[in-house]
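*Asks:* Below: one structure in structure tokens.
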Amino acid sequence: MMPTSSRQAILDRIRAATGGDASNYADLPRNYIHRGPLDNASRLRLMAERLREYGAEVVESSIAELPGTIARRLQSSGRHVFVAPTGLPAEWLSTGFTWKVDHQLSHDEIEHCDGVVTASFAGVADSGTIILHHSPAEGRRVLTLLPDFHLCILRASQIVETLPEYFARCPQSPRLATYVSGPRATADIEMTRIKGVHGPRFLSVIIVRDDD
Amino acid sequence: MRASLFITCYNDTLFPETGRAVVRLLERLGVELDFLPAQTCCGQMHANTGFRAEAFSQARRFVQLYRDAECVVIPSSSCVAMIRDQYSGLFEELGNEELRKQFAALLPRVYELSEFLTDKLGAEDVGAYFPHRVTYHASCHGLRGLHVGDRPFRLLKNVRSLELVSLANLERCCGFGGTFSVKNAEVSTAMLDAKLTDVLATDADYCTALDNSCLMHLGGALHRRKKSLQTIHIAGILASTMDHPHGATP
Amino acid sequence: MDPRVAPPFPTAALPILQNMQLRKNVAHATDVIQAKRNNLVAEKRDWHELRTSAAAIRAHVLANLGTYLEQFETTCTAAGGTVHWARDAAEARAIILRILREENATEVIKIKTMTSAEIQLNPALEAAGIAAIETDLAELILQLGEDEPSHIVVPALHVNRRQVRDIFAQRMGLPELSDDPEALTAAARAYLRRKFLSVPTAISGANFLIAETGSVVIVESEGNGRMCLTLPRTLITLAGIEKVLPRFADLEVLLQVLARSATGERMNPYTSLWSGITPSDGPQRFHVVLLDNGRSEILGRKVERQTLQCIRCGACMNTCPVYRQTGGHAYGSPYAGPIGAILTPQLEHMQHAQSLPYASSLCGACYEVCPVKINIPEVLIELRAQVVNQERSQPSRWFDPMYLGMKAANFVFAGAARFRLAQRVGHLALRLFTGKDGWIRRLPSLGARWTMSRDLRALPDQTFRDWWATREASATREASQHEERR
């Protein structure tokens, strides 16, 4: 007799345990809030407020002023060596700084950069969450993980109020995603919230008014 | 209005004064009370300790006994919770169709005392007088099982000369938990300590509740620690009037 | 912590109840998280609807578990992952060790996962000469301090800053280290960073597996998860079979309830989602080990199945008044608190940890806060019935005062005449222990467990039913006398 594979054994046990279920996925109750009531201005305000609660720096910029705003943010960060995702728009690579474009940089090379600049996929105002789908303009996951400073460009049109609105917006589910809600923290030593265990300790966000 | 009193096994034996208070109170409000002497226990202790078959036989006895009662009043929220939450499961598993039907018909007619007063009699002012500082402890079964909500508060607020003091951490369990108080006596005691700290901080004369089970646990520790704060079932407060105040000889 | 050898809960709780530092830390931590959780729940207008949906989604998954697991296997494999199935802990360990040997691994970095503790993975790794490095700060503290977690979400909350300083100073070779939390965290950061950048193999758990896309989701606070998921060459994810969700969009419900319930935040700091392998981004070898280990058995039981809805938020623990006094150590299992009390004995096929279903006063606070509506008290009572049923066939039951007492009480409750007799007998017997002031201070046997901290008022001379009977009798007498006079 053929020995039953573990896979088969487990699936057999599960089938025996569940019999025939009738419940239909489409019939599951979903009476929670799907769309938030805030207007554009309030939504932006909320996003900025939540980001600041986390200790992130937030400024607004028009589309035209964006390269200048980026340059000023990088200047005020006091840092010099930045890593850029391959798809980052060229005009965002401000002069006066050292740029390492991520053509398969090693972890060590990235580790020696002071900061990273990226685009983003979405922002969720309710929780102040920045969402990266790691497209070419957002970069590989390691880029927003190793450097200590992350300058994130978030367009106003990318900001939604509620988490379900973000999910409604995803044309397909992403292969990779990172949701960032505040610089990392640990509550593990006497419940004290500490900045700076792993991941960027400094988050700077430029909200681009592409809705004007 | 007619009602049948289910005194509960432990009130009958340990806190008959609560039963007497319920009688005094309800008769004062014009309720014609009866007491079926065949009653014993609702089965909660056995059900909650894992003695299912035994709990079933007690539950069956309860349902058969009160089949024809107009309504049943019970001065114990944990016993009512047992009936509401666990009886149908027991009858599902161990009973028959007939029994399930009898229970379904009886269930809407079973009331915890404060529910009976506010919902059935529509009474929030029962003409009570109790000139003392009182804090109310929210027994878990009443709070989460029966959702008694603010019924006890509405009743207590209308008691003349009663000064109601709120209890911190009201919703935290006192640690009685039935056989838990004995099987896990040390943890039960630790929970009791925490609750007593809050109770004593109210500086009340009395601590009241819907259940003598919690009060037996709290009161037993208060007495052990030689505290003057007393415990009293809410029936004792509501039965107390100017003509017949609590403490006077019956 | 091994439930097979852990002492029963009442025994395990004793030394903890005497540890005032631990009790203070646990009470403080749980009060803080609980308050934050309550604030955010009050703020969330659709909390009840989210909870209803979360519970429904989880229940639906369990009812269709086979289908969703097979779907996950297909989509994960298509995305470049390798899916393994482990019937039990031993098999899971064997699979993981085999993969590590193929990798010639001498070290692995780990993200906290209770599932790995459940299968006792670390001792097996050590025995195979593989160093397992925990990278969550709390887990690191516990590992270096050779200690055990006391809370699902904040495992080292029983350790204060001085104790952490001492552990780090000794194990990291930093004698000058201060006990300032910032300094301690910086030390951990430096220590772990070296590991993140050099160790090529990582082991993680999973918060959710997405059947539709073959994705895995991990939520975390510190960033060590992202390090372990991104930097190494090989990633092994160990996940209980119940972790699966149908679709990516179901996260819109689960993520909202999870963060609020677990840490009292609107969203946890980092959530990572990945699907199989992505060329040039992250690990190029990815394995998922699906673990049964008793779950399929729980699945088949009507009342107990809801146990598997758990999303490991820890809210039940933070609200439990028993846990507040004992912390996690008393439960003798990676799973503590209310969920531990129902999950652990079931994973052990009710052969061990039978004291855990009794480690509860049935107050119901856990059910009230559970984001997926697990009726924990209902399951506790069901498990108690199973424990008693085991006891019914054991000869030792005749020496167990609790068992004898319950059987006697049932006999007594079966009829009013017996009940009244028992009342009289009890009244008489307890007179022996009653003091002059009408109170009992010491009782024998089981009673001693009551009187260890509480007095008992003496049984009144007249029961209620006797009072009633007397009243009825005199009312009848009066009525008939009244009749006679007429």
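*Asks:* Out of C:Glu391, C:Glu378, C:Glu382, C:Glu368, which single residue is more than 16 Å from the chain's Cα centre (by Cα) and within 20 Å of B:Arg144 (Cα to Cα)?
*Replies:* Working: C:Glu391 fails: within 20 Å of B:Arg144 (Cα to Cα); C:Glu378 fails: more than 16 Å from the chain's Cα centre (by Cα); C:Glu368 fails: more than 16 Å from the chain's Cα centre (by Cα).
The match here is C:Glu382.
*Asks:* For B:Pro152, work out the one condition from (1) touching a residue at least 40 places away in the same chain (Cβ under 8 Å); (2) touching a Ser or Thr at 6+ places or on another chain (Cβ under 8 Å); (3) surrounded by fewer than 21 Cβ atoms within 10 Å (Cβ to Cβ) it doesn't fulfil.
*Replies:* (3)
*Asks:* Looking only at region C:226-248, decide whether some residue is modelled with pLDDT under 95 and not β-branched (Val, Ile, Thr).
*Replies:* The initial filter retains those residues of region C:226-248 that are modelled with pLDDT under 95, namely none.
No, because not a single residue in region C:226-248 is modelled with pLDDT under 95 and not β-branched (Val, Ile, Thr).
*Asks:* A further question follows. Looking only at region C:272-286, which residues are closer than 13 Å to C:Pro232 by Cβ and either at the interface with chain A (Cβ under 7 Å from one of its Cβ atoms) or in a strand (DSSP E or B) (or both)? Walk me through how you get there before you give the answer.
*Replies:* Taking region C:272-286 and keeping what is closer than 13 Å to C:Pro232 by Cβ, we get C:274, C:277, C:281-286.
Scanning region C:272-286 gives C:Trp274, C:Asp281, C:Gly282, C:Arg285, C:Phe286.
*Asks:* Let me ask something else. Would you tally the residues in region B:18-35 being more than 9 Å from every other protein chain (Cβ to nearest Cβ), in a loop (DSSP other than H, G, I, E, B) and on the phi < 0 side of the Ramachandran plot?
*Replies:* Residues that pass the stated criteria total 2.
*Asks:* Need the failing condition index for C:Phe399 against (1) within 11 Å of another protein chain (Cβ to nearest Cβ); (2) modelled with pLDDT under 95, just the number.
*Replies:* Exception for C:Phe399: condition (1).
*Asks:* β-branched (Val, Ile, Thr), assigned to a helix (DSSP H, G or I) and not assigned by TED's automatic domain parsing to the domain that holds C:Glu348: does that describe C:Thr52?
*Replies:* yes
*Asks:* If only one of B:Phe56, B:Phe62 is part of a helix (DSSP H, G or I) and under 14 Å from B:Leu106 (Cβ atoms), which one is it? Give the steps one after another, and end with the answer.
*Replies:* Numbers: B:Phe56 fails: under 14 Å from B:Leu106 (Cβ atoms).
So the residue among B:Phe56, B:Phe62 that is part of a helix (DSSP H, G or I) and under 14 Å from B:Leu106 (Cβ atoms) is B:Phe62.
*Asks:* I would also like to ask the following. Search region C:1-30 for residues being over 22 Å from B:Val182 (Cβ atoms) and at pLDDT 90 or above, and hand back the single one that is surrounded by the fewest Cβ atoms within 10 Å (Cβ to Cβ).
*Replies:* Taking region C:1-30 as the starting set, the residues that turn out to be over 22 Å from B:Val182 (Cβ atoms) are C:1-5, C:19-22, C:24-30.
Narrowing the set further to residues that are at pLDDT 90 or above leaves C:2-5.
Values: C:Asp2: 14, C:Pro3: 21, C:Arg4: 11, C:Val5: 8.
So the residue we want is C:Val5.
*Asks:* Can I ask one more? Exactly one of (1) more than 17 Å from B:Tyr10 (Cα to Cα); (2) assigned to a helix (DSSP H, G or I); (3) facing chain B (nearest Cβ under 10 Å) is unmet by C:Ala473. Its number?
*Replies:* The single condition C:Ala473 does not satisfy is (3).
*Asks:* So which of A:Arg13, A:Arg50, A:Arg43 ends up being within 21 Å of the chain's Cα centre (by Cα), facing chain C (nearest Cβ under 9 Å) and buried (at least 18 other Cβ atoms within 10 Å of the Cβ)? Walk me through it before giving the result.
*Replies:* Values: A:Arg13 fails: within 21 Å of the chain's Cα centre (by Cα); A:Arg43 fails: facing chain C (nearest Cβ under 9 Å).
On inspection, the qualifying residue turns out to be A:Arg50.
*Asks:* With the checklist (1) aliphatic (A, V, I, L, M); (2) within 14 Å of another protein chain (Cβ to nearest Cβ); (3) out of contact with any Gly (no Cβ under 7 Å at 6 or more places or on another chain) in hand, flag the one item A:Leu93 doesn't pass.
*Replies:* For A:Leu93, the exception is condition (2).
*Asks:* Turning to a different aspect of this structure: Are there helices (runs of 4 or more DSSP H) fully within region B:171-250 with at least 3 residues that are under 18 Å from the mean Cα position of the chain (by Cα)? List them.
*Replies:* On the way: elements: B:180-183, B:185-201, B:212-224, B:234-239.
The qualifying helices (runs of 4 or more DSSP H) are B:212-224, B:234-239.
*Asks:* Collect the residues in region C:327-363 that are touching a Cys at 6+ places or on another chain (Cβ under 6 Å), among the hydrophobic types (A, V, I, L, M, F, W, C) and within 12 Å of another protein chain (Cβ to nearest Cβ), keeping them in residue-number order. Working first, answer last.
*Replies:* Within region C:327-363, the first condition is being touching a Cys at 6+ places or on another chain (Cβ under 6 Å), and the residues that meet it are C:337-339, C:361, C:363.
Then drop every residue that is not among the hydrophobic types (A, V, I, L, M, F, W, C), which leaves C:339, C:363.
The one that is touching a Cys at 6+ places or on another chain (Cβ under 6 Å), among the hydrophobic types (A, V, I, L, M, F, W, C) and within 12 Å of another protein chain (Cβ to nearest Cβ): C:Cys363.
*Asks:* Right, something else. Do you know which residues across region C:105-120 are in a loop (DSSP other than H, G, I, E, B) and closer than 19 Å to C:Glu222 by Cα? It would help to see each step written out before you state the result.
*Replies:* Quick first cut of region C:105-120, residues in a loop (DSSP other than H, G, I, E, B) only: C:105-106, C:111-113, C:119-120.
If the condition is that a residue be in a loop (DSSP other than H, G, I, E, B) and closer than 19 Å to C:Glu222 by Cα, then C:Ile111, C:Lys112, C:Thr113 are the ones that fit.
*Asks:* Let me spell it out: the conditions are (1) within 29 Å of A:Leu11 (Cβ to Cβ); (2) surrounded by 20 or more Cβ atoms within 10 Å (Cβ to Cβ), and C:Thr135 meets all of them except one. Which number is the exception?
*Replies:* (1)
*Asks:* Exactly one of (1) in a helix (DSSP H, G or I); (2) facing another protein chain (nearest Cβ under 10 Å); (3) closer than 28 Å to B:His46 by Cβ is unmet by C:Ser296. Its number?
*Replies:* (3)
*Asks:* Follow-up. Considering only helices (runs of 4 or more DSSP H) fully contained in region C:155-263, which possess at least 1 residues that are on the phi < 0 side of the Ramachandran plot and aromatic (Phe, Trp, Tyr)?
*Replies:* Details: elements: C:161-171, C:181-198, C:224-230, C:251-263.
In region C:155-263, C:161-171, C:181-198 are the helices (runs of 4 or more DSSP H) which contain 1 or more residues that are on the phi < 0 side of the Ramachandran plot and aromatic (Phe, Trp, Tyr).
*Asks:* Is at least one residue of region C:94-107 more than 9 Å from chain A (Cβ to nearest Cβ), crowded, with 19+ Cβ neighbours inside 10 Å and hydroxyl-bearing (Ser, Thr, Tyr)?
*Replies:* no
*Asks:* Also, quick follow-up: Take the residues in region A:84-106 that are within 20 Å of the chain's Cα centre (by Cα) and not in a strand (DSSP E or B), then tell me which one is surrounded by the most Cβ atoms within 10 Å (Cβ to Cβ).
*Replies:* Top of the filtered list is A:Leu88.
*Asks:* Can you say whether B:Gln86 is outside any loop (DSSP other than H, G, I, E, B), within 13 Å of chain C (Cβ to nearest Cβ), farther than 19 Å from B:His217 by Cβ and not charged (D, E, K, R), as far as the supplied structure shows? Working first, answer last.
*Replies:* Numbers: outside any loop (DSSP other than H, G, I, E, B): yes; within 13 Å of chain C (Cβ to nearest Cβ): yes; farther than 19 Å from B:His217 by Cβ: yes; not charged (D, E, K, R): yes.
For B:Gln86, the condition - outside any loop (DSSP other than H, G, I, E, B), within 13 Å of chain C (Cβ to nearest Cβ), farther than 19 Å from B:His217 by Cβ and not charged (D, E, K, R) - is met.
*Asks:* Out of all the residues in region B:187-226, which are closer than 24 Å to C:Ser445 by Cβ, buried (at least 19 other Cβ atoms within 10 Å of the Cβ) and without any contact (Cβ under 8 Å) to a residue 60 or more places away in the chain?
*Replies:* B:Val187, B:Ser188, B:Thr189, B:Ala190, B:Met191, B:Leu192, B:His217, B:Gly219, B:Gly220, B:Ala221, B:His223
*Asks:* What are the residues in region C:432-447 that are hydrophobic (A, V, I, L, M, F, W, C) and exposed (fewer than 15 other Cβ atoms within 10 Å of the Cβ), if any? Walk me through how you get there before you give the answer.
*Replies:* Within region C:432-447, the subset hydrophobic (A, V, I, L, M, F, W, C) is C:432-433, C:439-440, C:443, C:446.
Listed by number, the list holds a single entry, C:Leu432.
*Asks:* Which residues, taken from region C:91-113, are within 13 Å of C:Leu238 (Cα to Cα) and either out of contact with any strand residue (DSSP E or B) (no Cβ under 9 Å at 6 or more places or on another chain) or free of Cβ contacts under 8 Å to residues at least 40 places away in the same chain (or both)?
*Replies:* Taking region C:91-113 and keeping what is within 13 Å of C:Leu238 (Cα to Cα), we get C:91-97, C:99, C:110-113.
The answer is C:Glu91, C:Arg93, C:Ala94, C:Leu97.
*Asks:* Can you name the residue in region C:428-446 that is modelled with pLDDT of 95 or more and facing chain B (nearest Cβ under 8 Å) and, of all such residues, is nearest to B:Thr231 (Cα to Cα)?
*Replies:* C:Trp439
*Asks:* If only one of C:Arg193, C:Arg189 is farther than 19 Å from C:Pro283 by Cα, out of contact with any Ser or Thr (no Cβ under 9 Å at 6 or more places or on another chain) and at pLDDT below 95, which one is it? Explain how you work it out, then say what you get.
*Replies:* Numbers: C:Arg193 fails: farther than 19 Å from C:Pro283 by Cα.
On inspection, the qualifying residue turns out to be C:Arg189.
*Asks:* Any idea which residue in region C:66-89 is surrounded by the most Cβ atoms within 10 Å (Cβ to Cβ), counting only those that are of a type in the set (Gly, Ala, Ser) and either facing chain A (nearest Cβ under 8 Å) or not in a loop (DSSP other than H, G, I, E, B) (or both)?
*Replies:* C:Ala86
*Asks:* Please state which one of C:Ala414, C:Ala458, C:Ala473, C:Ala429 is within 40 Å of the chain's Cα centre (by Cα), free of Cβ contacts under 8 Å to residues at least 12 places away in the same chain and either more than 30 Å from C:Glu49 (Cβ to Cβ) or surrounded by fewer than 13 Cβ atoms within 10 Å (Cβ to Cβ) (or both). Full working, then the answer.
*Replies:* Details: C:Ala458 fails: free of Cβ contacts under 8 Å to residues at least 12 places away in the same chain; C:Ala473 fails: within 40 Å of the chain's Cα centre (by Cα); C:Ala429 fails: within 40 Å of the chain's Cα centre (by Cα).
It is C:Ala414.
The values are calculated or read from the model by the stated rules, or taken from the named source; none is laboratory data. Keep in mind that what you see is a predicted model, and the values were worked out from it rather than measured. A quick note on method: Cβ atoms are made from the backbone with ideal geometry, for glycine too, and the neighbour counts reach across all protein chains shown.
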